[in-house]
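Let me begin by presenting the structure, written as structure tokens, before commenting on it.
The values are calculated or read from the model by the stated rules, or taken from the named source; none is laboratory data. Treat the numbers as computed from the prediction; the structure is a model and nothing was measured. Counting neighbours? That spans all protein chains shown, and the Cβs are built from the backbone with ideal geometry, glycine included. Remember, those area values only see protein heavy atoms, side chains included, never the ligands or the DNA or RNA. Shrake-Rupley method; radii C 1.70, N 1.55, O 1.52, S 1.80 Å.
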There are 2 protein chains.
Amino acid sequence: MSAAADTAERILDAAAELMATRGYAATTTRAIAQRAGVNEVTLFRRFENKQGVLKALGERMARRQAGRAAEHVAPSDDARATLLAFARMEIEGALEDDGLAMRLAYDAQSVPEVGEAMGAGAGANLAGLAEYLRERQEVGQLRADVDPAVMAEAFFGLTSSYVIMRKVLGLGESPVDVRTDEGLEQLFDLFWSGAAPKEARHDG
Amino acid sequence: MSAAADTAERILDAAAELMATRGYAATTTRAIAQRAGVNEVTLFRRFENKQGVLKALGERMARRQAGRAAEHVAPSDDARATLLAFARMEIEGALEDDGLAMRLAYDAQSVPEVGEAMGAGAGANLAGLAEYLRERQEVGQLRADVDPAVMAEAFFGLTSSYVIMRKVLGLGESPVDVRTDEGLEQLFDLFWSGAAPKEARHDG
DNA sequence: GTAGAGTGCAAGCAAGCACTTGCTTCACTT
DNA sequence: AAGTGAAGCAAGTGCTTGCTTGCACTCTAC
């Protein structure tokens with residue numbers, strides 16, 4: 001990576017860390033520059049605006065998210081395995097950036113430019129998941145007496161609360177590897193036991 | 001209510017509304033005063049500080065929360081009914097103040113005084129619920145193969161995501177009455193079907 | 001070996017912030 | 001009628017914020 005590109009990356013890294021904990025408005029350009037180890041002027045020269053930093057950050061997040069999806073979610077007929085992989089992916093991504101996406105989803109409400117930089121994100125994700133769940137209901141892989149939108153909401157609640165508790169409220173610890181975390185496994189099993197058709201449930 | 005007490009209440013109402021959407025730092029004393037229909041100076045005369053407003057708000061929230069708990073959660077041997085009542089109470093309280101408590105939980109991370117004003121809140125709630133669930137596991141009213149802390153986390157995820165989606169992300173609509181909301185009923189049933197011992201589950 | 005791009009440094013500007021001061025007005029009690 | 005407490009209004013203080021300007025330095029490419 002060229003020196004110039006590296007400077008930009010370091011600024012984005014710093015901005016991501018700070019905004020994840022303080023939010024967009026409370027993260028000053030001075031603080032970003034200091035953490036990145038560059039002069040504040042350099043930040044403005046490379047990104048024009050504070051909003052420009054946010055926009056670049058949003059694009060980088062979208063790129064990484066797409067990469068994770070391609071890597072982790074293999075097409076499979078096993079609905080349970082697919083959903084578990086999806087949960088892991090969501091959580092891994094959210095933990096990796098320290099809950100940045102969730103924090104910014106909060107800020108989007110009050111700061112319009114944050115909403116723009118984040119795109120349809122959450123809403124689109126939810127709708128897409130609901131559609132997937134509906135298909136699985138139709139082929140009998142999920143119980144059919146619950147609205148798929150409600151089921152998607154429950155799934156979203158599972159993954160987001162896992163992150164919020166660890167990164168926002170500071171309860172519990174982040175697992176070393178989400179792929180082997182026992183708590184996540186149990187958490188998912190609770191969801192699955194509620195969502196599966198009766199013959200597929202656990203034998204608790 | 002005396003005119004003076006009414007002024008203070010109106011200031012707290014305005015602060016609650018604004019902080020619920022913008023967060024603590026982004027809510028200016030000017031904006032609070034304007035929305036309350038009082039002069040900004042009046043705010044400082046009644047509450048000393050912006051922090052003083054926050055503190056009074058925290059105390060009022062705690063008082064109301066205690067009131068709701070006394071009103072709604074009747075002691076019962078029916079674990080399902082108790083948990084459903086508890087979920088309704090949590091959600092009703094959170095929706096009533098437009099997600100203020102959750103928004104402030106976010107801010108507590110970056111603004112120390114917010115943490116002080118909110119107290120142990122979330123962490124204590126979680127621990128208390130886990131303890132209740134553990135007792136119910138022991139008497140066979142809940143499946144025993146899942147860590148009660150994980151189960152509490154799932155429950156918390158259910159209620160908090162219900163509120164976050166409606167108040168923070170602006171998805172879906174707030175129900176007119178939480179006590180009769182069909183979606184909440186289904187959402188809780190998903191949780192319960194996952195958490196109940198096998199003989200008590202739904203027949204989906 | 002020189003031009004140009006990238007960065008640092010010092011200084012500053014306008015706006016917005018929490019908060020203060022001094023004075024006036026009004027309603028209510030005695 | 002006088003006194004008192006709550007509220008409004010106008011103005012201002014010191015600080016922080018996003019952002020700008022001007023200048024000097026150091027690499028790298030040709």
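When you check A:Gly128 against the structure, is it more than 14 Å from chain B (Cβ to nearest Cβ) and over 30 Å from B:Met19 (Cβ atoms), yes or no? Full working, then the answer.
Numbers: more than 14 Å from chain B (Cβ to nearest Cβ): no; over 30 Å from B:Met19 (Cβ atoms): yes.
Against the criterion (more than 14 Å from chain B (Cβ to nearest Cβ) and over 30 Å from B:Met19 (Cβ atoms)), A:Gly128 does not qualify.
Return the residues of region A:1-43 that are among the acidic types (Asp, Glu) and surrounded by 17 or more Cβ atoms within 10 Å (Cβ to Cβ); say none if nothing qualifies.
If we filter region A:1-43 for residues that are among the acidic types (Asp, Glu), which is where we start, we get A:6, A:9, A:13, A:17, A:40.
Passing the criteria: only A:Glu17.
When you check A:Ala87 against the structure, is it assigned to a helix (DSSP H, G or I), away from DNA strand C (no atom under 16 Å from the Cβ) and either surrounded by 20 or more Cβ atoms within 10 Å (Cβ to Cβ) or within 14 Å of another protein chain (Cβ to nearest Cβ) (or both), yes or no?
Working: assigned to a helix (DSSP H, G or I): yes; away from DNA strand C (no atom under 16 Å from the Cβ): yes; either surrounded by 20 or more Cβ atoms within 10 Å (Cβ to Cβ) or within 14 Å of another protein chain (Cβ to nearest Cβ) (or both): yes.
Answer is yes for this residue.
Scan region B:90-103 and tell me whether some residue there is over 15 Å from the mean Cα position of the chain (by Cα), under 25 Å from B:Arg166 (Cβ atoms) and either more than 14 Å from every other protein chain (Cβ to nearest Cβ) or open to solvent by 60 Å² or more (accessible area, probe 1.4 Å) (or both).
no
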Item to check | Subset of region A:139-167 that is open to solvent by 20 Å² or more (accessible area, probe 1.4 Å) and touching a Gly at 6+ places or on another chain (Cβ under 6 Å) - its residue that is nearest to the other protein chains (Cβ to nearest Cβ) | outcome: A:Asp145
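Residue-by-condition table, conditions (1) surrounded by fewer than 16 Cβ atoms within 10 Å (Cβ to Cβ); (2) modelled with pLDDT under 90:
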site: B:Asn49; (1), (2): yes, no
site: B:Leu54; (1), (2): no, no
site: B:Ala66; (1), (2): yes, yes
site: B:Ala70; (1), (2): yes, yes
Checklist entry - In the set B:Gly119, B:Gly115, which member is modelled with pLDDT under 90 and surrounded by fewer than 19 Cβ atoms within 10 Å (Cβ to Cβ)? => result B:Gly119
Checklist entry - Applying the selection to region A:1-52, what residues are near DNA strand D (Cβ under 10 Å from one of its atoms), of a type in the set (D, E, K, R) and either touching a Gly at 6+ places or on another chain (Cβ under 6 Å) or farther than 23 Å from A:Val111 by Cβ (or both)? => result A:Arg45
Checklist outcome for this item: The condition of being under 17 Å from B:Ala81 (Cβ atoms) and open to solvent by 50 Å² or more (accessible area, probe 1.4 Å) holds, among B:Glu173, B:Glu185, only for B:Glu185
